[in-house]
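Only the coordinates and a few stated rules stand behind these numbers; no lab work does. Keep in mind that this is a model prediction, so the values were computed, not measured. Cβ: placed from backbone, ideal geometry, glycine included. Neighbour counts: every protein chain shown.
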Amino acid sequence: MALKHFLTLLDSPPKDLQALIRRGIELKAMQKQGISHNIFHNKVLAMIFAKSSTRTRVSFEAAMIQGGGGSIFLSPNDSQLGRGEPIEDMARVLSGMVDAVMIRTFAHSDVELFARYASVPVINGLTDDFHPCQLLADMQTYYEHRGSIQGKTVAWVSDGNNMCHSYINAARQYDFTLNIAAPKGYWPRADIVQAAGDRVNITTDPRAAVENADLIVTDVWASMGQEAEQAKREQAFEGFQVDEKLMALADKDALFMHCLPAHRGEEVSAAVLESPQSVVWEEAANRLHAQKALLEYLL
Ligand code: CP
Ligand code: NVA
């Protein structure tokens, strides 16, 4: 079988991405019924985290344990990566010992370089540019509540960041319309937008973006690595909070998602986050099931 990586959603054909949703739902049902499986028997996942994480770490680790395998947590502080060992060397060394590697880091090019030298599947657990694993969970969550997302309208109201880029790729792969609302200067990368063609619309008006939308998504205004820009971004994003007034403009059956961690009172109001339209806790829990399906697919 050819070696598969998962660095962005564009690495897998749409039919495989659809199959991952179905398998995620199946694995979730098995978990709820207490049916155990050994899909990762004797398999080991190495996880390199150069940025903080709660959901990504716990979901991958739990997935490996529940499937009869194991995982190893590595950070630059306690591995030789932090002391300058080349990525190319680390990729070849880990490939000789584990069955897959998950990486969360800053530069997306580092994950690409790692994958070029790895001989086991490499998973992007978030870079400055993309967060594809989160999209698997989001797409599964939408499917569970509302069925196929094909032809629906999703509104992204936040920074044109890693999550936004992955939503753009998802619009291509799952075939939905994506309206992005962000202040000028915080728009997603032009090449990523262009590649999605007329599926993606960009505006500086959050109200226009959410009108009649089926799913409203937001994320923090300052991502990991941008902490020093927090105050400047709070100013730039004034008027972009997803609150009840904004949600009221969306379709009456619209769902609300946020990859979390959320900043109540900034990008989302506490009322929306805790509203019946909000599916954020299931969205987070689905990281576990979606990534089990992903690991099974790649391994
Ligand atoms: N959504 C997400 O990736 O969360 P963590 O940063 O906690 O992993
Ligand atoms: N855009 C956020 C996502 C966190 C899961 C960040 O990169 O910090």
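Compared with the direct C-alpha span, the chain from D251 to A208 gains 14.2 nm at full extension, assuming 0.36 nm per residue. Out of every Cα-Cα pair that the range 237-299 contains, those further apart than 17 angstrom amount to 48 percent.
Computed about the Cα centre, the dipole magnitude for the range 173-227 is approximately 140 debye when only Lys and Arg (+1) and Asp and Glu (-1) carry charge, each at its Cβ. The value for the range 175-246 of Rg(Cα) / (2.2 N^0.38 Å) is 1.16.
When the alpha carbon gyration tensor of the range 145-270 is reduced to an equivalent ellipsoid, its three semi-axes come out at 21, 17, 12 angstrom, largest first. Distance between the 7 Å Cα→Cβ label points at E85 and R199: 3.9 nm.
Computed from the Cα positions only, the extents of the chain along the three principal axes stand at 53, 45, 34 Å, in decreasing order. With N the number of residues in the range 67-125, Rg(Cα) / (2.2 N^0.38 Å) evaluates to 1.06.
Can you tally the net charge around F240? Count Lys and Arg as +1, Asp and Glu as -1, for every other residue whose Cβ sits under 13 Å from the Cβ of F240. So the surrounding residues net to -4.
Largest GNM mean-square fluctuation among A171, A228, A115, using the chain with Cα springs under 10 Å: A228.
Going by neighbour counts of Cβ atoms within 10 Å, the residues H289, H41, H165 line up, fewest first, as H41, H165, H289.
With neighbours defined as other Cβ atoms within 10 Å of a residue's Cβ, the residues L295, L249, L215, L10 order from fewest to most as L10, L249, L295, L215. Between helix 280-298 and the chain there is an angle of about 40 degrees, using the helix long axis and the longest principal axis of the Cα atoms. Placing unit charges on the Cβ atoms only, positive for Lys and Arg and negative for Asp and Glu, gives the range 191-291 a dipole magnitude near 60 debye about its Cα centre.
Where in the range 112-137 does the label zone of F106 land, with the point 7 angstrom along Cα→C-beta and an amide N cut-off under 11 Å? Hits in the range 112-137 for F106 at 11 Å: 128. In terms of surrounding Cβ atoms within a 10 Å radius of their Cβ, S166, S223 rank from fewest to most as S223, S166. Positive end of the dipole of the chain (Cβ unit charges, origin at the Cα centre): among L3, A290, M224, the Cα lying farthest that way belongs to L3.
For the pair T54 and K32, label points projected 7 Å from Cα toward Cβ lie 2.4 nm apart.
In a simple Cβ point-charge model (Lys, Arg +1; Asp, Glu -1; nothing else charged), the chain has a dipole of about 700 debye relative to its Cα centre.
Extending 7 Å from the Cα toward the beta-carbon at both S75 and V93 defines two label points whose distance is 1.9 nm. For the chain, the number of Lys pairs separated by eight or more positions or lying on different chains, with C-alpha atoms closer than 17 Å, is 8. When the Cα convex hull of the range 32-136 is projected onto planes of every orientation, the mean area is 6.9 nm². Extents of the range 101-194, taken as max minus min of Cα coordinates on every principal axis and listed largest first, are 39, 34, 19 Å. Rounded to the nearest whole angstrom, the semi-axes of the ellipsoid equivalent to the range 1-81, taken from the Cα gyration tensor as √(5λ), stand at 24, 19, 13, largest first.
Each of L74, M97, A50 was placed along the dipole of the chain (beta-carbon charges, centred on the mean Cα), and the one lying farthest toward the positive end is M97.
May I ask for the distance between the Cα centers of the range 109-137 and the range 28-45, given as a whole number of Å? Result: 23 Å between the Cα centres. Taking other residues whose beta carbon is less than 11 angstrom from the beta carbon of L27, and scoring Lys, Arg as +1 and Asp, Glu as -1, yields +3.
The angle separating the long axis of helix 55-66 from the principal Cα axis of greatest extent in the chain is about 40 degrees.
Normalised size of the range 184-225, defined as Cα radius of gyration per 2.2 N^0.38 Å with N residues, equals 1.31.
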